[in-house]
Amino acid sequence: MPDVRLPGTLTPLFTGLPRRVEVEAATVLEAIDRLEASWPGLRDRIVEEGPALRRHLHVYVDGERAGLDTPLGTGSRLDVIAAISGG
Amino acid sequence: MTRTLLIVGTRKGAFLLESEDRRDWQLRGPFCEGWPVYHAIFDPGSGSIYAAAASEWHGSAVWRSRDLGESWELSSEGLSYGDEDGRKVSKVSTLAVAGDRLLVGAEAPGIFESRDGGATWSLLSTLAGQPGSESWDDPAHQPPGHLGISGFVTDTGDSDRFFTVVQGVGAFETEDGGTSWTPRNRGLRRDWPAEHEEVGFCVHKLVRSPDSRRMYQQNHVGMHRSDDSGQTWSEITEGLPGDFGFAAAAHPHDKETFYVIPVDGGHGRTMHDGKAAVWRTRDGGSSWQDLRKGLPQEDAHLGVLRQGMAIDGADVPGLYVGTSTGQVFASADEGDTWNEIVSYLPSISSVDVAIVD
């Protein structure tokens, strides 16, 4: 199963949401939707109208910059990264 | 024993200040995980606190606490223009309670409502069809700050009747709960050319006096007053140190008494001459008095935003001002004297006040 790594800004918003979670999914968006089923509201924190990835978040699949449609393999690692910004 | 509760929205979360005597205050927070809070309010009907917030990473949501800040949840379910519309909710800017509905104003300009205390939301209106509304989403027509819907004034006697403000466009009133709207900008000053007679005004803050016919507004160009529930406006700037400001508050018991905070209208947008003052009229704007006792009078370049001043409903009302440099000033005597009750909060966007048990 793909291995999803989430940013630390996300986990305090949802009870029991770990930084690292495995989900059965064929694409990045499907993985996010699977997480939404367990933690309602989580999709909205990553995906905006479009659907599109929120502007200051990046996703990487197996170390390569990815998008919502990027396929996931059985052993893929999906990193959701919050941009280094703010002040 | 009752307590006075201040709900303070800042660029780094919400804070609460509590006092039994309006002189000694205890601070709690930050709440809302440090998200930028644009407006935080107390709903006397439900006893809940709501905070409209927008994270640059994680989008817009309304946070809610049903236990005076002990625990918090957030929701943005339904707070969206959908995947087909082409518009996006970049932030939620302002909140109000209208009867059993909670309203939140968004950018791009639109009003969402919740009928379950902020758990779920649905789009109420985008004010589509109003003059010029087709260009509101055009970046070339958007004002700096980009709040979209920047204010509400509700009517305690009729929850279907309320005003909203579209930033840089003007005030609008609905009498049917948000289905249809009428521009309410007649008589306002406008120092620039406009494409439409009824819109194109810069209403910063709209408030209602205890007499619902008497309203006041701080505009980009001048203070204005209405004696006919916003149907027509006349300017009452004379006697103030400038015509620009954001915050405004109406006395809860006297329709002639009203407070404003003039600031420099250029890039600075801080109080005039580096001397902090709140200005009060007791005669509906015919004359103005500056209130400075206890406020800093040297090197005090303080800004206060449109939701940054609140007034409580006590017999002798208390006033509360939050600055863009993180101070909160409080007065327990209608503004005659002031105390700095907290000094080092993040930049303050809003202050609301409630009396709680």
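The values are calculated or read from the model by the stated rules, or taken from the named source; none is laboratory data. All of these numbers come straight from a predicted model, not from anything done at the bench. When we count neighbours, we look across all protein chains shown, and the Cβ atoms used for this are built from the backbone with ideal geometry, even at glycine. Each accessible area value is taken on the protein alone, full model and side chains, heavy atoms only, with ligands, DNA and RNA left out. Shrake-Rupley method; radii C 1.70, N 1.55, O 1.52, S 1.80 Å.
Things to note:
- Among the residues of the stretch B:198-214, those that are without any contact (Cβ under 8 Å) to a residue 60 or more places away in the chain and over 13 Å from B:Gly230 (Cα atoms) comprise B:Phe201, B:Cys202, B:Pro210.
- Restricting the search to strands (runs of 3 or more DSSP E) fully inside the stretch B:130-223 and requiring at least 2 residues that are under 20 Å from B:Tyr81 (Cβ atoms) and among the charged types (D, E, K, R) gives an empty result.
- Hey, B:Glu70 more than 14 Å from chain A (Cβ to nearest Cβ), assigned to a loop (DSSP other than H, G, I, E, B), more than 19 Å from B:Cys202 (Cβ to Cβ) and open to solvent by 50 Å² or more (accessible area, probe 1.4 Å) or not: yes
- Residue in the stretch A:20-43 that is farther than 18 Å from B:Ser60 by Cβ, in a strand (DSSP E or B), more than 12 Å from chain B (Cβ to nearest Cβ) and open to solvent by less than 30 Å² (accessible area, probe 1.4 Å) present: yes
- Residues that are surrounded by fewer than 19 Cβ atoms within 10 Å (Cβ to Cβ) and in contact (Cβ under 8 Å) with a residue 24 or more places away in the chain within the stretch B:44-65 comprise B:Pro44, B:Gly45, B:Ser46, B:Gly47, B:Ser48, listed in sequence order.
- For B:Gly318: the one exception among (1) small (Gly, Ala, Ser); (2) over 25 Å from B:Val165 (Cβ atoms); (3) open to solvent by 10 Å² or more (accessible area, probe 1.4 Å): (3)
Condition check ((1) in a strand (DSSP E or B); (2) more than 14 Å from every other protein chain (Cβ to nearest Cβ); (3) over 19 Å from the mean Cα position of the chain (by Cα)) across all residues:
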| site | (1), (2), (3) |
| --- | --- |
| B:Arg28 | yes, yes, yes |
| B:Glu33 | no, no, yes |
| B:Ala40 | yes, yes, no |
| B:Val62 | yes, no, no |
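- Positions within the stretch A:1-19 being exposed (fewer than 13 other Cβ atoms within 10 Å of the Cβ) and either closer than 14 Å to A:Asp69 by Cα or within 12 Å of chain B (Cβ to nearest Cβ) (or both), in sequence order: A:Gly8, A:Pro12, A:Thr15
- Every residue from the stretch A:63-87 that is loosely packed, with under 15 Cβ neighbours inside 10 Å, more than 14 Å from chain B (Cβ to nearest Cβ) and out of contact with any helix residue (DSSP H, G or I) (no Cβ under 9 Å at 6 or more places or on another chain): A:Gly63, A:Glu64, A:Arg65, A:Gly73, A:Thr74, A:Gly75
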